[in-house]
Each structure stands twice: as C-alpha cells, then as structure tokens.
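Working notes for the structure below.
The values are calculated or read from the model by the stated rules, or taken from the named source; none is laboratory data. A quick note: this is a predicted structure, and the numbers were derived from the prediction, not measured. Note that each Cβ is placed from the backbone with ideal geometry, even for glycine, and that neighbours are counted across all protein chains shown. All accessible areas refer to the heavy atoms of the entire protein, side chains included, with ligands and DNA or RNA removed. Shrake-Rupley method; radii C 1.70, N 1.55, O 1.52, S 1.80 Å.
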Amino acid sequence: MNGLLPWFQERFPLYLAPMAGVSDKIFRQLCREYGADVLTTEFVSAEGIFRRNERTREYLDFDEIERPIGVQLFGANAEHMAEAARQVVDWVRPDFIDLNFGCPVNKVVCKNGGSALLKDCPTLASVATAVVDAVAPLPVTGKIRIGWAADSINAVGVAKILAAAGIAAITVHGRTREQGYSGTADWDVIAEVAEAVPVPVIGNGDLSSPADVAKRQRETGIAGAMIGRAAMSAPWIFRDTKTYLATGSIVDPPGLEERWKLILRHCQLVVREWGVEEAAVRSMRARLMAYSKSMPEAKRLREKFSQASSLADIEQIAEENLSAGLSVRQEITAAAA
C-alpha cells in the first residue's frame, strides 16, 4: 500500500463521503466520534479559491481533531486547479488533496467539472498531473464514477490514467453520471478497478449497513470503504461497522434516548457555530429529516421538524417522541407478558 497514506497500513479505513450541504465541520466531527477514520471537506470550487472568494474559503475550515482530513476540489482548468491546490496547502495544511471527478450535479458538469471529465480523459489526466506536481510530496487522491453512462463505462481506464499521473488512492462510486443517485451501484466494476491499479481503491455506493461493507470488502478487493447517505441518518454506522468487521457481531442500533441526545447536540453545536438560533435551526431541517428515519412516528416527526425554528421546538419534539416511544415499548412488553 502507498506509504503516503498511512491510514491504509494494515487497516481497512472507513471514509465519510464528502457531501455538499451535509459534511460540514460539525457533522464530520460527530462522525469522527462514532469511528470514521478519514474525513473530507465538502467539495470546493477551485475557481473560487483561485479568485480568492471568501465564502469558498469558509468551506476549508476544519479543526485538528479531524485529521486525517482532505480538501476536495473540483474544476477543469489544470493551471487553476494546481494553483488552488497550492493555496489550500498554504492556508490549511490538509493531509491530502482529493480531486472530484464524480459529481453528477448539472451546475458542476456544465462547467466541465466533476463527472464531465470522465468523457474528457486528456483533460482529466492534465488536471491530475498538474495538481500532483503542484503539491508534492502531499498526497493527492481522486474520486470517480464508473462512467458517464451505461454505454460508456470506463472506470478501469480512468483509474489507470490517474494512477499513472501519481494519484495515491482512488474512490470509485459504483454508478454512472447518468444514474445520479438512482438505481444500484455496480460493484463488479469497482472490483475490476481494484484489480487493475496498484494504488488503494475505496469502494462507495449502497453501503447501508455493516454487513454491506463486509460483503464488499470480502468480494471486491477494495482497500477501504466510503459511506455517505447512510451516515446522514445513522452516523454510528462507522462504530457498528468496525465492530462487525472485527468480531462478526451485529451491534444493536442505538436506543431512542441516544439518538435524541445526538440530534439535540447537533442542533446546539450548529446554533453555537451560527450565532443566530432561528436561522441555524432552519438550516438543520433537512438534516433532521434524515435523522427521523426508523424513529417512531417518523412521518409525523418530519412534519414537526419542517416547522421547527428554535432549540425549544426541537426539545419539545424530542420529549413528545420519547414519550411515544416509551408507550410503544410498554405496549409490546404488556402484549408479551
């Protein structure tokens, strides 16, 4: 394994996927507490950094406790990407730079960024080479999809180009750009990439349980796993996956009390960070919807979350939901008696 990335040494690291609007500093740190090994910032526009946009620079903020952490950049101009990477290294000294060649979002693709470069391998190669040269010896990693569309799956070829350019590890999301986040991830292609290149390959896509991760580790030859959407509703998936990989034991999911403790703490940290309670709580609504998954009365819970605008609102919702959960448990106990 590549010595530039020590977290692969005799380990199978679990990455938190970079997710726009989700993997901010607070959420990253919560996932770290639950066992995530490697973190990456939300993707950042290289053009924004190149033009010294202050809002863009805010996305680079992280704390020392988050290491190892990478900054993910997207863009298609090799010169600007290289300069942006140099500036990032000067500003925040991340543990690695990650290049986004997988984002399917139109506003990124239309600028020839993200997964658009899967159709333009010469530009992809020039971007990768320029950034590797610009920040050496700091490692550079890359994230790709398996291809642009079902009839143009080229992940193996792209991965070989990246490895030849000096990319130290490659994350492969098992969908095409055309799929977006629909359908199922093709882990056969991910396995082919892991077999084809001499650098660590991190698998990503449809990893919703510890058993999913164990199955893919066993069957595909991946060196690590990246978990995204599953962590949004269950950040403890990292802890549970580590236990499962080490012992084969399935860990019971956290009880309702632990879940609410996490939700309330998350909201409190966001309010403290923003300094404006109503705006901060409103910004959390989508995150709260994710947390509601598999909780008692989830539909009603989401309706309440959509109206919440203060910590007091969240605390009231928590109290009501905990009471409802207790009532359900009492009914189950009585029925079993």
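Counting charges near Gly180 (Lys, Arg +1; Asp, Glu -1) among other residues having Cβ under 13 Å from its Cβ returns a value of +3. Across the accessible surface of the chain, with the other protein chains kept in place and a 1.4 Å probe, carbon and sulfur atoms take up 51 percent.
The angle between the Cα long axis of helix 210-220 and the longest principal axis of the Cα atoms of the chain comes to about 20 degrees, rounded to the nearest 10. Rounded to the nearest 0.05, what FRET efficiency do Lys261 and Glu58 give with R0 = 45 Å and r taken as the Cβ-Cβ distance? Could you check? FRET efficiency, Lys261 to Glu58: 0.95. Put simply, the amide H of Ala169, placed in the peptide plane, has neighbours under 5 Å in Gly142, leaving out anything fewer than 5 places away on its chain.
3J(HN,Hα) couplings calculated from phi for region 43-50 with the Karplus curve 6.51 cos²θ - 1.76 cosθ + 1.60 (θ = phi - 60°) are, in sequence order, 5, 10, 6, 4, 5, x, 5, 4 Hz; Gly and Pro show x.
Compared with the dominant Cα axis of the chain, that is its longest principal axis, helix 311-336 is turned about 70°.
Phi angles across region 4-21 convert, under the Karplus curve 6.51 cos²θ - 1.76 cosθ + 1.60 with θ = phi - 60°, into 3J(HN,Hα) values of 5, 10, x, 6, 8, 5, 6, 9, 10, x, 9, 9, 8, 5, x, 10, 4, x Hz, Gly and Pro given as x.
Between the beta carbons of Glu320 and Leu245, assuming R0 = 35 Å, the FRET efficiency works out to 0.40 to the nearest 0.05. Put the Cα centre of region 210-244 next to the Cα centre of region 166-204 and the gap is 15 Å.
For Thr40, the amide hydrogen comes within under 5 Å of the amide hydrogens of Leu16, Gly70, counting only partners 5 or more places away or on other chains and with H modelled in the peptide plane.
Dividing the convex hull volume of the alpha-carbon atoms in region 180-330 by its residue count gives 145 Å³ per residue.
When the chymotrypsin sites (Phe, Trp or Tyr not before Pro) in region 142-194 are filtered for DSSP coil states and for at most 14 other beta-carbon atoms within 10 Å of their beta-carbon, the remaining sites are Tyr181. Surface analysis of region 106-208 yields an accessible area of 38 Å² per residue, using protein heavy atoms and a 1.4 Å probe. Based on the alpha-carbon gyration tensor of region 47-133, what equivalent-ellipsoid semi-axes (square roots of 5 times the eigenvalues) come out, in whole Å, largest first? The three semi-axes for region 47-133 are 22, 14, 13 Å.
Of the trypsin sites (Lys or Arg not before Pro) found in region 13-58, those that fall in a DSSP loop while having at most 13 other beta-carbon atoms within 10 Å are Arg51, Arg52. Counting only DSSP H runs of at least 4 residues, each contributing -39500 (n - 2.57), and dividing by the residue count of the chain, the helix-based mean residue ellipticity at 222 nm comes to -15000 deg cm²/dmol. Couplings 3J(HN,Hα) of region 261-272, computed from phi: 4, 5, 4, 5, 5, 4, 4, 4, 5, 5, 4, 4 Hz, in residue order, whole Hz [Karplus 6.51 cos²θ - 1.76 cosθ + 1.60, θ = phi - 60°; x for Gly and Pro].
Which option, [x] 55, 51, 41; [y] 61, 48, 47; [z] 66, 45, 36, is the value of Cα extents along the principal axes in Å that was calculated from these coordinates? Of the listed options [x] 55, 51, 41; [y] 61, 48, 47; [z] 66, 45, 36, [z] comes from this structure.
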